[in-house]
Amino acid sequence: MKIGILQTGQSPEALRDTLGDYPDHFARLLDGYGLEFVTWHVEAMEFPASVCDADGWLITGSRHGVYEAHAFIPPLEQFIRDALAAGRPVVGICFGHQIMAQALGGTVTKFEGGWAVGAQEYDFEGETLTLNAWHRDQVITPPETVQVLASNAFCAHAALGYGTLGYSVQAHPEFDDAFINGLIETRGHGLVPAPLLQAARAQEGGPRHSDRIAARIAAHFKSNLRATTSPEAT
């Protein structure tokens, strides 16, 4: 199954050689599920020619805000709407989670409660899962008719389901502790309050349930598998 990664940002340059860029993190997270990945760097205005260029789509995180005036955001929102309308499954992580919501009528803003950094516990429909996070922006008002699939006291809309085709998560199941520590060193100081950075470091090495989210993402894609041939491609 061919999954198109829509890359909306890049990891810090100082971390790329050793820890990889965002698509590398997703390839590691979803290794073993029989998925093939092709990346389009949409932040640089490199878009697929068609929503049918892949069987499913995965939208990465980004340091940008979805409400900011970047050239790639309006066409990405339209691509999301078109992909879902064409029956292609879409998964969004962090920025991807937020732009899916915004594209479909929800509201995303900087959260007045501040940042979530490092290990966070979430209630996934009665199951407590711990995932790494790195965000201040949040989905404040989700689109109508979506299902809230996860939450905690800090983040009310931590995972959303859009019928059978859309699935998104605010946290970063693809980020391990080494990468979070790298973000602290390269982006955190002076941006995130020091006590939050210290708390994140104090939780390094604890249990993470990224494998549970990886399984859900893979199942989401595979349950929606459809032929890549379409009237527009023939």
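Taken together, the values in this text are just the output of simple stated rules run on the coordinates, not laboratory data. All of these numbers come straight from a predicted model, not from anything done at the bench. FYI the Cβ positions are ideal-geometry reconstructions off the backbone, even for glycines, and counts take in every protein chain you see.
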Legend entry - Loop-located trypsin sites (Lys or Arg not before Pro) in the stretch 1-105 whose Cβ has at most 16 other Cβ within 10 Å (DSSP): 63
Legend entry - Segments 174-183, 37-46 sorted - mean Cβ within 10 Å per residue, highest first: 174-183, 37-46
Legend entry - Along each principal axis, Cα extent of the stretch 142-230, largest first, Å: 50, 27, 24
Inset, instruction - Pairs of Cα atoms under 8 Å, at least six residues apart: use those to get the relative contact order of the stretch 2-223, whole percent. - result: 20
Inset, instruction - Using only Cα atoms, find the angle between the long axis of helix 73-85 and the longest principal axis of the chain, and express it within 0 to 90 degrees, rounded to the nearest 10. - result: 60
Legend entry - Kirkwood hydrodynamic radius over Cα pairs of the chain, then Stokes diffusion coefficient at 4 °C and 1.567 mPa s, in µm²/s: 73
Legend entry - Per-residue [θ]222 nm for the chain (sum of -39500 (n - 2.57) over DSSP H runs n ≥ 4, rounded to 500): -8500 deg cm²/dmol
Inset, instruction - Just rank 122, 167, 33, fewest to most, by other beta-carbon atoms within 10 angstrom. - result: 33, 122, 167
Legend entry - Loop GluC sites (Glu not before Pro), the stretch 59-140 (other Cβ atoms within 10 Å of the site Cβ: 14 or fewer; DSSP): 68, 112, 125
Legend entry - Packing-based ranking, highest mean first, of 206-215, 17-26, 87-96 given that Cβ atoms within 10 Å are counted: 87-96, 17-26, 206-215
Inset, instruction - For residue 149, enumerate residues with amide H under 5 Å from its amide H, sequence gap 5+ or separate chain, H modeled in the peptide plane. - result: 159, 160, 161
Legend entry - Normalised contact order of the stretch 1-64, rounded percent, pairs of Cα under 8 Å and 6 or more residues apart: 59
Legend entry - Distance from the stretch 150-213 to the stretch 67-86 (C-alpha centre basis), Å: 24
